[in-house]
Amino acid sequence: MTDVTTTTTDPVYVTEALIAEDIEAYLEQHQHKTMLRFITCGSVDDGKSTLIGRLLYDSKMIFEDQLAALETDSKKVGTQGQEIDFALLVDGLAAEREQGITIDVAYRFFNTEKRKFIVADCPGHEQYTRNMVTGASTADLAVILIDARKGVLVQTRRHSYLCHLIGIRNIVLAVNKMDLVGYDQATFDAIVKDYAAFARSIGIESFTAMPISGFKGDNITTRSAQTPWYQGPTLIEHLESVEVITSRDADKPFRLPVQWVNRPNLDFRGFSGLIASGTVKPGEAVRVLPSGKTSTVTRVVTLDGDLDEGVAGQSVTLCFADEIDCSRGDVIAIADQPPQSADQFETTLVWLNDEPLHVGRAYWLKLGAQTVSATVQQPKYAVNVNTMEHVAVKTLELNAIGVAQIIADKAIVFEPYADNRTLGGFVLIDKITNATVAAGMIQFALRRAQNVHWQPTDVTRADHARLKNQSPKVLWFTGLSGAGKSTIANEVEKRLNVMNRHTFLLDGDNVRHGLNKDLGFTEADRIENIRRVGEVAKLMADAGLIVLTAFISPFRAEREMVRAMLPEGEFVEVFVDTPLEVAEARDVKGLYKKARSGDLKNFTGIDSPYEPPLNPEIRVNTAEMTAEQAAEHIIRQLMPWK
Amino acid sequence: MSKPTDRATLTHIQRLEAEAIHIMREVVAEAERPVMLYSVGKDSAVMLHLARKAFFPSPPPFPLLHVDTTWKFQAMYEMRQRMATESGMELLIHQNPEAAEKGINPFDHGPLHTDMWKTEGLKQALDKWGFDAAFGGARRDEEKSRAKERIFSFRTASHGWDPKNQRPELWNLYNARKNKGESIRVFPISNWTELDIWQYIHLNDVPIVPLYFAEERPTYEWEGQLFMADDIPRLEKVLGYRPEIKMKSVRFRTLGCFPLTGAVESTAKTLPQVIQETLLTTTSERQGRVIDKDAGGAGMEVKKQQGYF
């Protein structure tokens, strides 16, 4: 075979004999294996890929043809001279192999007699924080690699912090390359002591340290003769025996987020989902959240027959004794210990996208099977992942980790992330690009929302409107600068006034002289500008007025946010559809000229985007009609008035 | 050292099954028009079985789609029909008319055969029926570039894959929102290994094509590999000569087009024997297929960027 030291005599891996002699017995054994998912953290230099390659190699997951290819590649592009470069087994994408770095999460698989393992191999550099968080999110355990020659480095601290943040309780400190420090116990002990002090400081309660060499195979599968002073388990022994997440989850109260309602015919109505925690049996009382309705479980249905009990980690379908409302996004829970619902939270966010956080913008928040619209407040602070210091920030950029409050447009059923990953972990999705922009963890619900109640007022919005003999509306004019929004809105208001309608025109420039004088033209400020105008328009509509607003309002997301604030039908989007060339040719305020010459930054249509409405209620084209004609057209569209 | 398996510790097979079912239900809840790509192989067989579990007692609420190259084994065509009937699912079959017209075959056209029949055929089929999400049975342990592919893998309107621009997938939360023209390939058995697939077939009596079991079959050698002569007249026509046929006890580790799928000599007639042979074997699974070797080390990655599943 090869000149690499193999460990074929290792008792852990002598499964081939069993396969050859008694395959049935082997399959029986394999069938009952449990599964451990773990993540390896460390840089290329720490020997991470080599360690994984070694695990695959030692557990016979590498076939002869792969080995032959590996030997050829090792000589061609390897970094280990004539010896096998295990890292080449692991670094997958062509670009990565050329650059010699791992840039994405790769998943690897191997078996021992006791377990199946899924390894998330993640890149170590700071610019790949998001990849590491992704890999860690499904892991039961983290192996943090340290180069014995270098000790605890900044990146060691970063990796440990991220693993702890994402809730990994089993941490292995693998002090690697022990062969290069002569298997020196003092070196090992010093590193462990150093790490222990750091771990305590960030709240890591315990970890398991071991001296290894991925390259030479020391203490990976067999106890090394080179480290007689080390009494602990080998890496594999440890991986085979630690507790996995699902066993912990089974002891918690029962929760099942409903993914899909199964209704093949009128006689069957089942609720399908993966049990997030606890267990469920026929006869047990359950509560459906957020409605709070209760019923009794009659069946736990699977294709293989009904179960006596469903446990955390299983995908099942439940049937109830009563016909209660329950649909996708609801959470079925044990009746006497239901989870809470809330619409405002303190969260920890990991920003995953090149486009930074837009404070105040509405994103989709997906948690379990629930999707709601939510806005993020200005972060309280971001964490410097190298020093753990809190830093004041206005936004979160790619790979930033910060604490911020989130306000959802309706209540969601949740549990703090520390109690339940499924009901506490969420992602934020950009409403326009559909990119997954952030991962979040709910810390707690804000009391604020619970303590600030709506004060009921006796004179209702319907009373206000009745007195004015009109139905309130918000006519939202949007379009490029110079499109004619203010002019047309003014014409429309004049006509409404003549018709004895109670109106008010909120104009972009005017509002910026007062209410919004503190705001500039960055994206974040534009979002806040529109949010405030939306809130004011809503109050005026509550007062019974017909509100006209004339703002560029360039982003679809914010216009949709205002639409969502108002009762159905009250928001009327009027798209003043003037082509850029026409608006620029008019250049009433001389702004386009300034923008073109670079004197004016962030100008919509020039160096800042305008997102036209996809389905405006009314569209007017000012290249084809005068302001008066446009106003007439709008009035006609709104008729008949009530 | 190890704890006895108690009720709360699910086995790895149970966890993998639950994960696959969860993924399928998410797709059905969030996609407009899902479909399951069904290749009739063992991975497809497991995926289909999982779909039946996920939606029981309903039949899986999407059709099966077979992108046919016309060069599959006869036994595969028989199995295809049987499984559609048993599952109660609609079976859609697509054959690239352009490839048929040009008489594209694996002998004369090499890589073009896969490109036209499979890659192009798949794109045509997805466009034809307007599917926005397609389940595929690819596994991360099969090949290096697969190891980095997401479970929800987005394709551009022209069906290309951009490995540098994949959405992060955290916990078991999948973002299924698409941009206009995009479609999703979903791989519910991403985290299964070949052994897991076999084990699952064994545990659940999942029906598979008999070609996986050893039997005396007519074989011929071509470019140093052993193949089965599934359709001798057609073979003769395309090759221009009648290959030397020898009866041998052979079976297949993977199934594709019969002239592209190498047979292995074997006597494994039962599932445990097949698994035994698989575990003791010393060449990796895709070795039997010619496709990966086309473009050097990065063969599959290049194919996928072009839209191959």
Distance (nanometres) between label positions extended 7 Å along Cα→Cβ at residue B:100 and residue A:607: 5.8
10 Å Cβ neighbours from other chains, averaged over peptide A:27-36: 6
Solvent-accessible area, 1.4 Å probe, carbon plus sulfur percent, for segment A:255-334: 45
Those residues of segment B:46-68 for which accessible area with every protein chain present is at least 40 Å² below the isolated value (1.4 Å probe): B:53, B:56, B:57, B:58
10 Å Cβ neighbours from other chains, averaged over peptide B:171-182: 6
Residue among A:598, A:566, A:545 farthest towards the positive dipole end of segment A:461-638, charges placed on Cβ: A:545
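Tell me the trypsin sites (Lys or Arg not before Pro) within segment A:488-594 that lie in a loop according to DSSP and have at most 12 other beta-carbon atoms within 10 Å.
Answer by residue number: A:517, A:589.
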Average accessible area per residue (Å²) across segment A:177-272 - probe 1.4 Å, nucleic acids and ligands excluded: 43
Candidates B:35, B:186, B:209: whichever shows maximal mean-square fluctuation once chain B is modelled as a Gaussian network with Cα springs under 10 Å: B:209
Distance violations [Cα-Cα > 30 Å] among A:538/A:593; B:128/B:269; A:431/B:148; A:538/A:594: A:538/A:593; B:128/B:269; A:538/A:594
Residues losing 30 Å² or more accessible surface upon assembly, segment B:12-40, compared with the chain by itself, 1.4 Å: B:12, B:15, B:18, B:22, B:25, B:26, B:29, B:30
Solvent-accessible area per residue for segment B:207-292 (1.4 angstrom probe, square angstrom): 44
Most positive-pole-ward Cα, A:487, A:192, A:276, against dipole of chain A from beta carbon charges: A:487
Three-way shape call for chain A based on the alpha-carbon gyration tensor, with the a/c threshold at 1.5: prolate
Where labels lie 7 Å past Cα in the beta-carbon direction, separation of residue A:462 and residue A:201 in nm: 6.3
Lys, Arg +1 and Asp, Glu -1 on Cβ, resulting dipole of segment A:340-451 about Cα centre, debye, nearest 20: 240
GNM top mover of B:125, B:75, B:138 - chain B, alpha-carbon springs below 10 Å: B:75
Residue-averaged beta-carbon neighbours from other chains (10 angstrom radius) around B:185-192: 1
CD proxy at 222 nm, helix term only [per DSSP H run n ≥ 4: -39500 (n - 2.57); per residue of chain B; nearest 500]: -10000 deg cm²/dmol
Restraint check, A:33/B:53; A:48/A:193; A:293/B:178; B:53/B:178, Cα-Cα greater than 24 Å: A:293/B:178; B:53/B:178
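Using a probe of 1.4 angstrom, how much of the accessible area of segment A:538-583 is carbon and sulfur, in percent?
Here carbon and sulfur together make up 62 percent of the probe-accessible area.
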In segment A:222-278, the GluC sites (Glu not before Pro) that fall in loop regions by DSSP, at most 14 other Cβ within 10 Å: none
Prolate/oblate/rounded call for segment A:255-334, Cα gyration tensor, a/c under 1.5 rounded: rounded
Most mobile listed residue (B:136, B:181, B:224) in chain B, GNM with C-alpha springs under 10 Å: B:224
Value of [θ]222 nm, deg cm²/dmol, for chain A, DSSP H segments ≥ 4, -39500 (n - 2.57) each, nearest 500: -8500 deg cm²/dmol
Average accessible surface area per residue within segment A:294-365, 1.4 Å rolling probe, Å²: 36
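Scan chain B and hand back the longest stretch that contains none of the trypsin sites (Lys or Arg not before Pro) lying in DSSP loops with at most 11 other Cβ atoms within 10 Å.
In chain B, the maximal stretch lacking such sites is B:8-179.
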Residue (of B:111, B:31, B:272) at the positive-pole extreme of chain B, dipole from beta-carbon charges: B:31
Global geometry of segment B:207-292, whether rounded, prolate or oblate, following the gyration tensor of its Cα atoms and the 1.5 cut on a/c: prolate
Total accessible area lost when B and A pair, probe 1.4 Å, Å² to nearest 100: 7300
Full-extension gain in nm, residue A:28 to residue A:539, via 0.36 nm per residue minus C-alpha separation: 177.1 nm
Cut-off 12 Å between beta-carbons: net charge of the residues surrounding residue A:577, Lys and Arg +1, Asp and Glu -1: 0
Amide H partners (placed H, <5 Å) of residue A:302, local residues excluded: A:307
Of all accessible heavy-atom area on segment B:207-292, the percent that carbon and sulfur account for (1.4 Å): 52
Shielded by partner chains, segment B:116-157 residues - at least 40 Å² of accessible area, 1.4 Å probe, vs chain alone: B:140, B:144, B:147, B:148, B:150
Charge dipole (debye, nearest 20) of segment A:255-334; +1 at Cβ of Lys and Arg, -1 at Cβ of Asp and Glu: 260
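Explain nothing, just the number: dipole magnitude of the protein assembly as shown about its Cα centre with +1 on each Lys and Arg Cβ and -1 on each Asp and Glu Cβ, in debye rounded to the nearest 20.
That gives the protein assembly as shown a dipole magnitude of about 2360 debye.
The values are calculated or read from the model by the stated rules, or taken from the named source; none is laboratory data. Here the structure is a predicted model, which is why all the values come from computation and not from measurement. Heads up, the Cβs are rebuilt from the backbone with ideal geometry, glycines too, and the neighbour counts pull from every protein chain shown. Accessible surface areas use protein heavy atoms only, side chains included; no ligands, DNA or RNA. Shrake-Rupley method; radii C 1.70, N 1.55, O 1.52, S 1.80 Å.
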